[in-house]
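Comments concern the structure below.
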């Protein structure tokens, strides 16, 4: 299948690479130059603009926020102007419900298909084609892109015909991840202040009652005194928390723990967290207990 891929950040590069490995003809485009070299060597074509990358049956976007998606989708010569009728736009970006609904309507009016296919997993899983895919959209549209979702992920779960359902699910899951990181961080600070080995404690947790990928991944990051590699930047995590809060407000859902996490991200950003992985939120409790210097 002829695929266009826009957005070659930490996740996008791995996803595009998985599509190439699956035998698809992939053309890539990134607004910031210099991120396509590895993919070009693997067989991707490199587009010089959005029109060129949209000469495809399906175009993926994996971009950082609403503004970036709006720019590539709605600008003159953007996706809506350039994608052929009957072709599909798969948005894997974590964006607002409102923007996803707007894209759904705009693509329908243009005779194009639209699928929201958000993903769970860090960059190493993206590179291995082992993401968990959260998909939503009309059956015809999701069926068309299903082989591509299988190429980037180990499991695809559908959440109905309204594409923004996938965005609500992704925001809710990122809220849960942040809650895991905060609670783990507080627990680790408590036992470390009591003189207990942090690594042994997390190993105990993740081999007994908390034997789950989220606790294993973020538990290891919580006990490491070294800064985590930036797989998902803290400002992007903060953006997702704000979007989740906005969704809760619009849907009339009180989320007091999410409000607390919002304030913790404000604190992280004020402490120099803009250059850190979002897992640094789980280290604030150790910093507050005098066990760790985040700035080191």
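Please treat every number below as a calculation from the coordinates, not as lab data. Here the structure is a predicted model, which means the values were calculated and not measured.
Computed values, structure above
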read-out: Expected 222 nm ellipticity per residue - DSSP helices of 4 or more, -39500 (n - 2.57), all of the chain, to 500; value: -16000 deg cm²/dmol
read-out: Rh (Kirkwood; distinct C-alpha pairs) - region 2-162, Å; value: 15.1
read-out: Folded to 0 to 90 degrees: helix 164-193 orientation relative to the chain principal axis, Cα; value: 20
read-out: Helix axis angle, 10-21 relative to the chain longest principal axis, alpha carbon, degrees; value: 50
read-out: Relative contact order (%) - the chain, alpha-carbon pairs under 8 angstrom, separation at least six; value: 14
read-out: Stokes-Einstein D (µm²/s) once Rh is taken as the Kirkwood radius of region 168-288 over alpha-carbon pairs, at 10 °C in 1.306 mPa s; value: 108
read-out: DSSP-defined beta bridges in the chain - what % are antiparallel, rounded to 5; value: 20
read-out: Given (i) 43; (ii) 46; (iii) 39, the label whose value is percent of Cα pairs over 27 Å apart derived from this model; value: (i)
read-out: Over region 103-199: Kirkwood hydrodynamic radius from C-alpha pairwise inverse distances, Å; value: 15.4
read-out: Taking region 2-162 and dividing mean pair separation by its residue count, relative contact order in percent (alpha carbons under 8 Å, at least six apart); value: 21
read-out: Length-normalised contact order for region 102-219 - Cα pairs under 8 Å, 6+ apart - percent; value: 20
